[in-house]
Amino acid sequence: MRKIAFAVAVIAAGACREAPKPEGKPAPAGLPPAEGAAKVAAGPASPHGQLPPNHPPIDPRQRMPEPADVDPTQVLEGVIDVAPELAAEVKPGDVIFLSAKAIDAATGQIVRTPIAVDRLEVAKLPMPFRLTGANVMMQGAAFKGDVAIVARIDRDRDAITRAPGDIEGTLRVTIPAKGLRLVLDTPVRP
C-alpha cells in the first residue's frame, strides 16, 4: 500500500513540475480604481468593463424607469421635513432611508418588514419623496392598504442599522396618498 501511495506522490510531483506556468503579470490586489468601477457599474459594458464607443454619459443619480406593471394611481407622495428643534442636526449629504411598512389590521402595530423602500440624499429640507410599486422589496408584493411611512436620517449610511444619532419620522396613511408631510422629529436614543 505504501508503494502505491509513494508512486502516486512521485507521479503527481512530476506532473506539477511539467505543468505550464502562467504568463503575464499577476492581477493587482484590492478594489479597482473608482473611475473604472463607475464605468463597470454604470450600465451596458463591453466584456472589458468599458462603455461602448459613442455611448452617452450616464448620470449616477438617474433613476431606473418604473416597470410597466406598476399601477400609477397607487402612490405615496409628499415632502420630508425636519422639526425646528432638530434642524441644525440635518446637513446636506445626509442619507435618508425611506420605507413603507404595512400596518397589521388586527393589532394596529407596524409590521417590521418594509413593503417598499428608497434611499434619498438631503440637499435641503423640505425635500420631495415618492414611493410607488416600483419601490417594492419583493417582486409581486402588493403596494396598497394602510401603511406607516418611516424616514430615517442614518448617520452610518447602512439601512440595516438604527443607532443613536439617527433621526426618524413616521406617518400613517392609506395608499394612495399625495400632499403628505413627513416630519423627522424623533432622535434615536440608546
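A short reminder: the numbers here are calculations on the coordinates, not readings from a lab. Source: prediction; values computed, not measured. Neighbour counts are summed over all protein chains in view; Cβ atoms, including those assigned to glycine, are modelled from backbone coordinates with ideal geometry.
Table: residues versus (1) without any contact (Cβ under 8 Å) to a residue 60 or more places away in the chain; (2) closer than 20 Å to residue 73 by Cβ.
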position	(1), (2)
131	yes, yes
141	yes, yes
144	no, yes
161	yes, no
181	no, no
186	yes, no
190	yes, no
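If you go through region 83-140 and keep only what is over 15 Å from residue 182 (Cβ atoms), aliphatic (A, V, I, L, M) and crowded, with 16+ Cβ neighbours inside 10 Å, you end up with 95, 102, 103, 115, 134, 136.
Somewhere in region 131-144, is a residue of a type in the set (Gly, Ala, Ser) and closer than 18 Å to residue 93 by Cα? So far as region 131-144 goes, no, none of its residues is of a type in the set (Gly, Ala, Ser) and closer than 18 Å to residue 93 by Cα.
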